Each structure stands twice: as C-alpha cells, then as structure tokens.
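Here's the structure we're looking at; comments come further down.
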C-alpha cells in the first residue's frame, strides 16, 4: 500500500448488539476490504462495554488481529460466558476442524441440554454438523473462513432460547465451486441461485465421487429434526430450509454480492407439550 | 473353527486414529482423517492372506462424521467388494446410537450393507437389505453356523436359499471353502470381543 493511501474504516463505535453472524461477517468484510486496498482496514471498536465484553468472550479480537488494525481493548473483555458454545475460530485446514470438534465437547452438551432441552447425546450430532460445515469451507471454498456458535434468548422473536451457528468464508462461492462440473447442464440458467439449488437441494458437488455431497444434505436433515432453520448465502442468492416459526423466504436472489459463502443455522429450544 | 481358513483380527479404530494421524486427534472427523484410517486398515489386511475377517472396533470413537464414515466404512467395503485377489469380511463393533445414523446413511448411499454391533452382543444388518435378507440373516445369526446338509431343512423355500447365497456374496455371511459350512460373522469374531 502506497504511503499516504487511505484505509477503510469500519466504524463500530455505536454498535449496541452483535450476534455470531454479525461478528463473522465483519471479519469477512474486513478481509475483502484488505484484499481490495492491499492492507488491513481500520476498525473502530464499540464504545459499549457490554459489546466489547461480549466480543472478547467470543474471541473476536484474536481473529480480528489478522484482519483489522485496531487499538487493543482493555482487560474488560476478559472472562468466559456460559452461553458461548464455540468462540470465533478460523478454519483453513483439516486440523482446524478437529480443533473445533474438540473445543465444543466440553460445554456444548451442557448448553444444548440446559438452554435447548436437547438430550445429552445431541452433542454428537451438533459436532457432526460443525464438522461438516467447516469441511465445506476447506473442500469447496479453497480459502479460509470462520465459525462461531452461541446460545441466546430470542425472547421477543421466538420466546425461547436458540443456538446460532455461523460459518463464513472468503472463497469462490457455490457457483465458482460447481461451475466446471455442472454449469453446462444448466446452460444460460447457471448462476448463484441454480448453484445453491444444485448443492442444497440435490447434493451436487464438484467431486465425481458418489460419496461426496452428503454433508449439506445430512445437516439439513438433522436441522429439520430439531425444527431448526438453515440458510446458505453465496453470490447474490440465498437459499434456506425454513421451519414454520420462521418467515424467511426459502429462496432470494438479487442480494448484494457476497464473495464466498455464509451458512447460518438456528437451532431452537424444544417445545415441551 | 477348524474348517476356517481365516484367523479373524481385531482393529481398534480409536488406537489406529491416534497412531495413524496424530495423537492430537481424538475424533473421527474430516475426510483426510478417514482416508488415512482406511489406508491403515488396508495395510493391516495386506498380511492377512487371500481371505480375511476383521472386527473394526469403533467403541472408543466419540464422534464420527459423515465424511469419515464414508471413508472408513463405505469406501472400505467398496474397496474389497469387487476385489478378486482379497476376499475381505468385516464386522463393525461399537456402532452405538450416536454413530448409527452416519454409518447407515453412507451405506445406503452406496447401496451397501454391513454387520454391525449396536449394543454389546446385539448384532444387526445395517444399510441396504431386503426384509427377506434380514430374516434369513437373523436365522443364521441365531444358529451361528449352518452345515451343508442343514441348509435345505432350515430354509425349505428356494428364495430363502438364494438369499443365503446372496448374503455370502455380499460379504454378510462366511462360507468355509473347506467344509462348505456357512457361518454368521458375529460368531466368528466372538472370541475377539
């Protein structure tokens, strides 16, 4: 970057609340800006002590150091939270997936049981979901990404606790991943929407191996069992599997272009009859 | 078991995982990890001769994802299904409820079936199989072994006898080349458990 060139400022000073999707998206946006301007953008940290504390508990600052220039927050960000299932974790290699699965073993079972009312064995299926979504980054994005998961109370929106899993990468997106193998059959219909439909609904993958393409399909099945929601956004499109309690449209096109992909999973607390 | 030309071997996937990949990895997750474990199993089978029977023990594995299940179970079975040099049979132990779904999904996807131990001493056919295959396999499982002269009396229906042949062909039952007896796989690995 030439001397005197201006850096992009991500002004988060007035941020009052942020969820895992927001934090991970901030890292993605910062990465895109860094690539475009040839150097790390600046990040103005939130003035709210609560938000700074939450970002600290989610290990946001550790991840953000590689993306942004910012003044390190004080010690007020230290501490741990009983609602954090998985702090923000960079995923770039298979070893990172192992680390993610290892890290959630300790507390995920307790949080899934106490906040969502899931059986203690649900930690296995939860870990499998995390493993498969993280592998999606490595195998299809060919670029790094981040994952985070947290439980919180959706008191107004749903009247119960949810766990949110957010995974984003700065890779080539679903259209880019599937283009060589599958674009021809779609001819001029090929685009972000058809690529997402191919992967999400039909389990297509760029690999010829018939054992591939199961990950997203099985995640969808497990999320449905838990009456959860899953959406994937890539390029200008977003596709989702939407439960009755959610009014998100299952397919949207014409969104602002998103490099890479974003997978968002929401798992709600069980409703006891 | 004097009519058996094979000596069943036990392969502890939990230990293999630590030895093969790295001691830091304690879960059977990611495709490269599964591939490495499958290759380690194949290496062990290389010295087993033309026929082998392996008890693949998943008891110590806490997490197995779909990618790993595809490599360690489905691709392992596929590798030996049409192998004309090596006739390999497998029993999967420790397929408890948390693992069952992942393993069943990858078996069904590839049109395969396997003999699995779901609870201590409780064996099942998992994957793609007909009701008749399940019933015939259950009879063999209960008896442990069928001599040649017992088969017609136990299965008086021709279709049942064909199904028994199919189970042998699919690697879900073992026929001794010496005596012609047909053995349930679980009984053959009983002493390893």
### Message
Every residue in the stretch B:151-162 that is surrounded by fewer than 17 Cβ atoms within 10 Å (Cβ to Cβ) and part of a loop (DSSP other than H, G, I, E, B), please.
### Response
B:156, B:157
### Query
Among the residues of the stretch B:160-171, is there at least one that is in contact (Cβ under 8 Å) with a residue 24 or more places away in the chain, within 18 Å of residue B:9 (Cβ to Cβ) and in contact with a helix residue (DSSP H, G or I) (Cβ under 6 Å, 6 or more places away or on another chain)?
no
### Query
Conditions: (1) part of a helix (DSSP H, G or I); (2) out of contact with any helix residue (DSSP H, G or I) (no Cβ under 9 Å at 6 or more places or on another chain); (3) without any contact (Cβ under 8 Å) to a residue 24 or more places away in the chain. Residue A:197 meets all but one. Number of the miss?
(3)
### Query
So which residues in the stretch A:73-95 are out of contact with any helix residue (DSSP H, G or I) (no Cβ under 7 Å at 6 or more places or on another chain) and either modelled with pLDDT of 85 or more or closer than 19 Å to residue A:136 by Cα (or both), if there are any at all?
A:87, A:92, A:95
### Query
Where residues in the stretch B:72-95 are within 9 Å of another protein chain (Cβ to nearest Cβ) and surrounded by fewer than 24 Cβ atoms within 10 Å (Cβ to Cβ), which of them is nearest to residue A:123 (Cα to Cα)?
B:75
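Sort out which residues of the stretch A:219-273 are assigned to a helix (DSSP H, G or I) and either surrounded by fewer than 23 Cβ atoms within 10 Å (Cβ to Cβ) or in contact with a strand residue (DSSP E or B) (Cβ under 6 Å, 6 or more places away or on another chain) (or both), and write them in order of number. Write out each step before concluding.
Kept after step one, since they are assigned to a helix (DSSP H, G or I), are these residues of the stretch A:219-273: A:219-225.
Across the stretch A:219-273, the qualifying residues are A:220, A:221, A:222, A:223, A:224, A:225.
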### Task
Could you grab me the full set of residues in the stretch B:119-134 that are over 17 Å from residue B:188 (Cβ atoms) and modelled with pLDDT of 95 or more?
B:126, B:127, B:128, B:129, B:130, B:131, B:132, B:133, B:134
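If you take just the helices (runs of 4 or more DSSP H) that sit entirely in the stretch A:54-156, which of them hold at least 3 residues that are within 14 Å of chain B (Cβ to nearest Cβ) and surrounded by 18 or more Cβ atoms within 10 Å (Cβ to Cβ)? Explain how you work it out, then say what you get.
Numbers: elements: A:60-64, A:94-116, A:122-136.
Helices (runs of 4 or more DSSP H) meeting the threshold: A:94-116, A:122-136.
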### Task
Count, please, the residues in the stretch B:3-25 that happen to be assigned to a loop (DSSP other than H, G, I, E, B) and either modelled with pLDDT of 70 or more or more than 14 Å from every other protein chain (Cβ to nearest Cβ) (or both).
6
## Note on the structure
Taking the stretch B:35-68 and keeping residues within 10 Å of chain A (Cβ to nearest Cβ) and in contact with a strand residue (DSSP E or B) (Cβ under 8 Å, 6 or more places away or on another chain) leaves B:63, B:64, B:65, B:68
### Task
Could you grab me the full set of residues in the stretch B:88-100 that are farther than 21 Å from residue B:35 by Cβ and either free of Cβ contacts under 8 Å to residues at least 40 places away in the same chain or assigned to a helix (DSSP H, G or I) (or both)?
B:96, B:97, B:98, B:100
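A quick yes/no check of all residues on (1) closer than 24 Å to residue B:27 by Cβ; (2) within 14 Å of another protein chain (Cβ to nearest Cβ); (3) in a loop (DSSP other than H, G, I, E, B):
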position	(1), (2), (3)
B:106	yes, yes, no
B:111	no, yes, yes
B:114	yes, no, no
B:129	no, no, yes
B:138	no, no, no
B:142	no, no, no
B:164	no, no, no
B:167	no, no, no
B:179	no, no, yes
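So, residue A:165, is that one outside any helix (DSSP H, G or I), out of contact with any helix residue (DSSP H, G or I) (no Cβ under 6 Å at 6 or more places or on another chain) and within 23 Å of residue B:27 (Cα to Cα) or not?
Working: outside any helix (DSSP H, G or I): yes; out of contact with any helix residue (DSSP H, G or I) (no Cβ under 6 Å at 6 or more places or on another chain): yes; within 23 Å of residue B:27 (Cα to Cα): yes.
Yes.
The values are calculated or read from the model by the stated rules, or taken from the named source; none is laboratory data. The structure presented is a predicted model; accordingly, all values stated were derived computationally and were not measured. Cβ sites come from the backbone with ideal geometry, for glycine too, and all protein chains shown count toward neighbours.
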